[in-house]
1. Test of understanding: among B:Thr251, B:Thr242, B:Thr312, which residue is among the β-branched types (Val, Ile, Thr) and out of contact with any helix residue (DSSP H, G or I) (no Cβ under 7 Å at 6 or more places or on another chain)?
2. Being assigned to a helix (DSSP H, G or I) and crowded, with 24+ Cβ neighbours inside 10 Å narrows it down to one of B:Thr191, B:Thr181, B:Thr153, so name that one.
3. Which residues, counting only those in the range B:378-416, are among the hydrophobic types (A, V, I, L, M, F, W, C), over 29 Å from B:Gly248 (Cβ atoms) and modelled with pLDDT under 90?
4. Would you mind finding the one in A:Pro197, A:Pro169 that is surrounded by fewer than 18 Cβ atoms within 10 Å (Cβ to Cβ) and within 10 Å of chain B (Cβ to nearest Cβ)?
5. Which one of these is small (Gly, Ala, Ser), surrounded by fewer than 20 Cβ atoms within 10 Å (Cβ to Cβ), more than 10 Å from every other protein chain (Cβ to nearest Cβ) and closer than 18 Å to A:Val35 by Cα: A:Gly174, A:Gly146?
6. Kindly indicate which of B:Leu291, B:Leu225, B:Leu221 is more than 22 Å from B:Ile96 (Cα to Cα) and not polar (S, T, N, Q).
7. Quick check on the range B:357-364. Is at least one of its residues free of Cβ contacts under 8 Å to residues at least 12 places away in the same chain, over 23 Å from the mean Cα position of the chain (by Cα) and assigned to a helix (DSSP H, G or I)?
8. Is it the case that A:Met89 is out of contact with any Asp or Glu (no Cβ under 7 Å at 6 or more places or on another chain), crowded, with 17+ Cβ neighbours inside 10 Å and modelled with pLDDT of 85 or more?
Amino acid sequence: MIELLNIFIKSAFIENMALAYFLGMCSYLAVSKSVKTAFGLGLAVIFVLGITIPINWLINEYLLKETGMFGIDLTFLRFILFIAVIASMVQLVEMVVEKASPSLYNSLGIFLPLITVNCAILGGSLFMISKEYNFAQSFAFGIGSGFGWFLAIIAIAAIREKIRYSDVPAPLRGLGIAFLITGLMGMAFMGLMGIDPASITGH
Amino acid sequence: MKKLLKFIQKIEPDKEKSKLLHTIYDGLYTLVFSPNTTTKGGVHIRDGADLKRTMFFVVIAMQLAYLFGAFNIGHQHFLALGQYTEVLDGWHLKLIHGFIKLLPIFIISNVIGLGVEFVYAARRGHPIQEGYLVSGALIPLIMPPDIPLWMLTVAIIFAVIIGKEAFGGTGMNVFNVALLTRVFLFFAYPTYISGDSVWVSGLEGNVGEVYGWAHSLFDGLFGALGWEQFGAGGRQVVDSFTGATPLGLATHGGWSAVTEVYSTSDMWWGFIPGSIGETSKPFILIGALFLLVTKIASWRIMLSMLIGAALTALMMNGIGEPGSFAAVPWYYQFYMGSFFFAMVFMATDPVTAASTPKGKWIYGFLIGMIGMMIRVFNPAYPEGWMLAILFMNVFAPLIDYFILDSHIKKRLKRAK
């Protein structure tokens with residue numbers, strides 16, 4: 001249990017998807033104009049990451065690997081199958097959001113279906129492979145990295161709301177200053193880099 | 001005084017002819033002369049304070065740290081040489097050596113920072129904003145004494161342009177400018193701002209050769225007075241002197257390794273190597289008292305940061321193995337490093353901190369917690385406050401957002 005907690009903390013804070021790896025930047029920059037929409041998108045990303053990574057783990061383990069169902073090495077199909085899983089999950093999220101909160105659906109616009117090609121999501125699945133997690137660990141990793149991305153996007157959204165009335169030089173307004181903020185946030189997150197949560201809990 | 005004022009008003013440069021000159025004139029003029037009015041009419045606050053005077057109070061609160069910082073540079077320097085090992089022996093030499101080290105850093109910090117500010121103010125056509133007064137005074141205090149001045153210049157230009165002017169100047173910045181300067185140096189030139197050998201001036205190489213013309217100038221004066229002199233130098237560093245800070249020692253050997261080298265009273269009073277202004281706890285706390293009495297710094301942030309750090313250290317005492325850094329008694333954690341300096345002058349920065357009262361409690365508490373965790377558990381960084389405060393700068397607007405949001409919801413519910 002504590003090991004799973006370590007993975008969660010590590011993927012949420014220390015190896016933050018958005019601010020340490022700079023993954024998922026397109027929707028991160030585009031949807032962070034207000035906290036409300038950023039919050040919705042962040043929740044969607046947590047959900048998609050938390051679901052797809054364990055499913056992709058199952059697919060990788062039981063279908064694609066040589067030890068799997070077919071007995072041959074099918075790992076070259078990884079990208080296609082992973083993306084297919086992600087796309088179907090995003091479709092599910094889209095339908096739920098459209099039904100449950102039409103206003104959020106409208107304000108997210110094209111960026112909700114675009115979660116499919118959000119590199120943080122595919123990146124999460126591929127990290128899961130390269131870190132050789134088991135099923136439970138990959139679930140913790142998915143939720144953790146989703147939570148980290150969620151924190152990053154609502155933090156930058158709050159900052160962008162705060163500086164909306166600031167006297168930012170004209171050429172920097174909008175995306176320019178968002179890039180600068182992202183870089184500075186990454187610098188602030190570097191403080192946590194190198195901490196090993198296992199050293200805290202002793203596992 | 002009136003004549004002086006008239007004379008100064010007479011030499012005001014023409015705004016149309018030379019924008020930069022006028023901006024510089026205006027900045028210096030308002031620093032010394034305005035405001036001479038207090039609020040009148042139906043408001044309840046009648047005060048002559050404005051942003052510039054508020055900022056100046058913070059600078060005043062730092063003065064004891066400056067004085068002690070200068071003395072301690074010299075004290076550590078002579079300790080390394082094995083001369084004047086008693087605190088007050090050769091105090092004039094220590095003070096002068098400290099000022100010779102500190103003054104260039106101070107001048108560079110203010111000239112470069114204000115220079116950038118002046119250029120921006122002139123180009124963008126607004127009066128000079130006074131925010132850099134505090135940053136310019138804070139930056140020298142968080143530097144090691146031998147920091148190369150060109151690095152400092154690069155870092156300050158980066159911090160002022162990217163951290164502040166890009167966001168629209170004073171009062172708009174999201175990240176603390178002084179901390180950005182230090183973090184930039186920390187990541188760009190790590191060997192000059194971390195490790196054991198940078199915190200004592202003149203530790204590298206043959207000490208005597210670093211004495212320059214300024215030292216010989218004072219030697220003449222001290223010779224005439226019949227006091228001790230710097231002399232020709234050329235001394236070697238005492239073998240047993242390593243220059244390691246208490247935090248550096250604690251990382252490897254726990255509390256016992258620290259007390260072997262430094263006594264607790266030395267650590268409390270500040271006779272230890274470290275950044276220039278961070279070492280002396282009593283003098284920083286006097287500054288804190290001044291800021292609290294004048295109500296410039298937020299007591300909520302200070303108190304909650306203290307509580308957060310103390311609780312975290314207490315918890316670490318519970319899980320730490322004996323002899324490790326985590327097992328250092330929680331009250332001794334405050335004797336080492338720059339906790340008080342960060343608490344008083346960095347975390348309370350009203351621009352980058354959370355601005356709602358409840359938010360300040362959360363903000364301070366989390367800084368205390370994260371800073372202590374970085375200090376103890378992150379092997380890469382010996383001290384955590386700088387990064388913890390920057391980390392919470394990221395989340396301060398978010399904390400405020402949720403606090404305001406919950407207030408709005410509460411009111412709406414009441415209205416129904």
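1. Just one listed residue meets the conditions, B:Thr242.
2. B:Thr181
3. B:Ala415
4. From the options A:Pro197, A:Pro169, the qualifying one is A:Pro169.
5. A:Gly174 is the lone residue from the list that is small (Gly, Ala, Ser), surrounded by fewer than 20 Cβ atoms within 10 Å (Cβ to Cβ), more than 10 Å from every other protein chain (Cβ to nearest Cβ) and closer than 18 Å to A:Val35 by Cα.
6. Step by step, each of B:Leu291, B:Leu225, B:Leu221 is checked, and only B:Leu291 is more than 22 Å from B:Ile96 (Cα to Cα) and not polar (S, T, N, Q).
7. There is no residue in the range B:357-364 that is free of Cβ contacts under 8 Å to residues at least 12 places away in the same chain, over 23 Å from the mean Cα position of the chain (by Cα) and assigned to a helix (DSSP H, G or I).
8. In short, yes.
The values are calculated or read from the model by the stated rules, or taken from the named source; none is laboratory data. Note that the structure is a prediction, hence the values are computed from the model and not measured. No Cβ is skipped: glycine too gets one built from the backbone with ideal geometry, and neighbour counts run over all protein chains shown.
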